[in-house]
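Data block below; observations after.
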Amino acid sequence: MDFCKSNMLKIEQKSVDPVSLLSAGVQIYFPVTEHISIGILFETIGLIKIYVQQHAIPDDILIQVKIIKVNVPIALGLLFFNLGLAAFYTKAVITLLRNHGLQITAEVQENINNFLIKMNEINKKVE
């Protein structure tokens, strides 16, 4: 039993503090083109870091360059943060509407094809 307790204590001592896994700030990206975006990292109140991020040839590799580190008034930092959230939600809604529109378009196309097939069958029976 002592062996099990000592192993359990060792495991508990090696556990990671979940807070240390969290990011030190929030980074929001504003898309400029399809492959380039500007990222603003909000670490503390009034301190922002501005990055330029570019997608490399394979889309899963990103190249990020820090441009500037700026102390801004709290109101300006909150403005950028809220604009970033608004851009994120707007993009999510637009993507949702596009996907829903594509689904509706596919259903309409399928209905039209079924209608044309039935009309051809009716025309063949009449002849």
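The values are calculated or read from the model by the stated rules, or taken from the named source; none is laboratory data. Everything quoted here is computed from the prediction, not taken from an experiment. Counting neighbours? That spans all protein chains shown, and the Cβs are built from the backbone with ideal geometry, glycine included. These accessible areas exclude ligands, DNA and RNA; they are computed on the full protein's heavy atoms, side chains included. Shrake-Rupley method; radii C 1.70, N 1.55, O 1.52, S 1.80 Å.
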Legend entry - Length gained when the stretch Arg98-Ile67 is fully extended (0.36 nm per residue, less Cα-Cα span): 7.8 nm
Inset, instruction - Just order 93-104, 43-54 by mean Cβ neighbour count inside 10 Å, highest at the front, would you? - result: 43-54, 93-104
Inset, instruction - Given the peptides 68-81, 114-127, arrange them by the average over their residues of other C-beta atoms within 10 Å, most packed first. - result: 68-81, 114-127
Inset, instruction - Could I have the simple spin-label model distance between Thr105 and Asn82, label points 7 Å from Cα toward Cβ, reported in nm to one decimal? - result: 3.6
Legend entry - In Å², nearest 10: area of Thr105 left accessible to a 1.4 Å probe: 90
